[in-house]
Amino acid sequence: MRAVVASTLFVAVLGLAGCRAGRNPEAEKAAAAAAESWLRLVDAEKYVESWQEGSQFFRGAVPQGQWIQTMHAIRKPFGGNLSRELKGTRYRTAMPGAPDGQYVIVQFKTSFENKKAAIETVTPMLDRDGAWRVSGYFIK
């Protein structure tokens with residue numbers, strides 16, 4: 001049930017077939033830093049702030065109240081973050097169900113108090129103001 005809710009509420013980033021890709025180390029580094037900063041908000045249960053710091057696309061796709069409710073139902077039960085290690089980044093210029101732009105899929109190996117082995121996928125995008133902001137989040 002959680003996976004179904006997560007994939008419908010979050011801008012899911014796992015269906016990557018047909019995405020245009022390349023390498024952009026500078027973008028990947030900046031996006032990974034934005035993802036880590038955003039995850040600190042989520043770890044601190046600052047769900048309102050995490051929504052506010054999301055991309056314009058993200059805020060348009062997921063209403064704030066729905067985001068907060070979902071985070072309480074999906075993320076909070078995992079408990080506190082014990083560790084998080086960058087697993088990899090992938091630069092994209094197109095994503096399924098999203099406008100063309102610059103995206104970086106950032107994956108972390110994460111351990112939580114109540115889920116020892118998880119993969120967090122965070123997808124920052126280059127927003128209209130030139131800042132990298134999260135457009136999708138998924139835990140597996």
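Every number in this text was worked out from the coordinates using simple rules, so none of it is lab data. Since this is a predicted model, take the numbers as computed values, not measurements. In this analysis, Cβ positions are derived from the backbone assuming ideal geometry, glycine residues included, and neighbour counts consider all displayed protein chains.
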Residues of region 41-65 being loosely packed, with under 13 Cβ neighbours inside 10 Å and either within 17 Å of GLU120 (Cα to Cα) or hydroxyl-bearing (Ser, Thr, Tyr) (or both), in sequence order, are ALA44
When residues of region 66-84 are limited to those that are more than 15 Å from the chain's Cα centre (by Cα) and either aliphatic (A, V, I, L, M) or assigned to a strand (DSSP E or B) (or both), the one surrounded by the fewest Cβ atoms within 10 Å (Cβ to Cβ): SER83
Complete set of residues in region 85-124 that are part of a strand (DSSP E or B) and either of a type in the set (Ser, Thr, Tyr) or without any contact (Cβ under 8 Å) to a residue 24 or more places away in the chain (or both): GLY88, THR89, TYR91, TYR103, GLN107, THR110, SER111, THR121, THR123
Quick one: THR93 ticks every box in (1) in contact with a helix residue (DSSP H, G or I) (Cβ under 7 Å, 6 or more places away or on another chain); (2) surrounded by fewer than 21 Cβ atoms within 10 Å (Cβ to Cβ) bar one, so which box is it? (1)
Looking at region 105-125 only, could you name the residues that are under 16 Å from the mean Cα position of the chain (by Cα), of a type outside the set (S, T, N, Q) and either surrounded by 21 or more Cβ atoms within 10 Å (Cβ to Cβ) or within 12 Å of LEU82 (Cβ to Cβ) (or both)? ILE105, VAL106, PHE108, LYS109, ALA118, GLU120, VAL122, PRO124, MET125
The correct count of residues that are part of a loop (DSSP other than H, G, I, E, B) and within 13 Å of the chain's Cα centre (by Cα) in region 39-61 is 3
Counted residues in region 95-122 being within 18 Å of ALA32 (Cα to Cα) and among the charged types (D, E, K, R) come to 2
